[in-house]
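Since the structure comes first, as structure tokens, the remarks are kept for the end.
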Amino acid sequence: MKNFLVQLGLREGLAKSKNLISIRILKHISPEYSLDYIARFGFNPKKYKPYLSMALGVGEATAWEMVRAYSVFANGGYLKTPYYIDRIIDSKGRNIKLQAGLINEETPRIIDPRNAFIMYDLLKEVITNGTARKAKILKRPDMAGKTGTTNDLMDAWFAGFNSDIVTVTWMGYDQPKSLGNKETGSRAALPIWIDYMKPLLKNYPIKNQVKPEGITPLKINKKTGMTKNADEDGFFEYFYEEYPPYDNSYFVIN
């Protein structure tokens, strides 16, 4: 199992929805700590049980809650409350562009901006090489996201974002039941997201992430998982300066 984790790090695990990675992380930090942590993002901890199955989609969440949570990664760590658009009225037929209010001193920052940056970067891989590869048709290197499928294929999700906009699509039944064989987030929810985002993104130019201070990029040897021999072929991963990989190894969870 140790060799397996060296071969498959968190980035690839998130990208390809290999849930064993998430389960082992959840086990390491404890489900109880996770319940407390998700409350920061606006989720109701009472709708979840402190079990490892949290990593497999057990629990209840609304599209509203998902948009609020993913916006934290998009905006650098701030928790903003979304709002519903009740109606748009323009007697002259003009397009009206609405956007959420700007972040100000009253907007709480719930995670370190380095945390937000690293998660944003990790979730880009879901589109680049993971379960949301279909979204590459948009040709937007600044987009990140995550597919999601709950137990028994009852809910299919895709949450995608950049620093300007967060969009979540959900597919399911009002009275929960299985969507059917293979109706996962990438198959049922992602195409809806792509169709919606394609014209919308024309209003938002590509933006590159701004790396916050206190992050160190280290080169990883994919075959060994080690940061030694950085002159060899590999890929760069970001780490907090004060928390480099334990024992020069990319994997931490044993």
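Can you find a residue in the range 95-106 that is over 16 Å from the mean Cα position of the chain (by Cα), under 23 Å from Met197 (Cα atoms), surrounded by fewer than 20 Cβ atoms within 10 Å (Cβ to Cβ) and at pLDDT 95 or above? No, the range 95-106 contains no residue that is over 16 Å from the mean Cα position of the chain (by Cα), under 23 Å from Met197 (Cα atoms), surrounded by fewer than 20 Cβ atoms within 10 Å (Cβ to Cβ) and at pLDDT 95 or above. So, Ile88, is that one modelled with pLDDT under 95 and on the phi < 0 side of the Ramachandran plot or not? Criteria met by Ile88. For Ala188, the conditions (1) under 16 Å from Ile127 (Cβ atoms); (2) modelled with pLDDT of 95 or more all hold with the exception of (1). Number of residues in the range 165-177 that are surrounded by 23 or more Cβ atoms within 10 Å (Cβ to Cβ) and over 15 Å from the mean Cα position of the chain (by Cα) equals 0. Annotation note: of Asn181, Asn208, Asn162, Asn248, the sole residue that is surrounded by fewer than 19 Cβ atoms within 10 Å (Cβ to Cβ), modelled with pLDDT of 90 or more and not small (Gly, Ala, Ser) is Asn181. Scanning the range 184-201 for residues that are of a type outside the set (Val, Ile, Thr) and surrounded by 15 or more Cβ atoms within 10 Å (Cβ to Cβ) yields a count of 10.
What about Gly180, is it within 30 Å of Pro245 (Cα to Cα) and not hydroxyl-bearing (Ser, Thr, Tyr)?
Judged against the criteria, Gly180 is not a match.
The values are calculated or read from the model by the stated rules, or taken from the named source; none is laboratory data. Remember, predicted model here, so these are calculated numbers, not experimental data. Backbone-built Cβ (ideal geometry, glycine too); neighbour counts: all protein chains shown.
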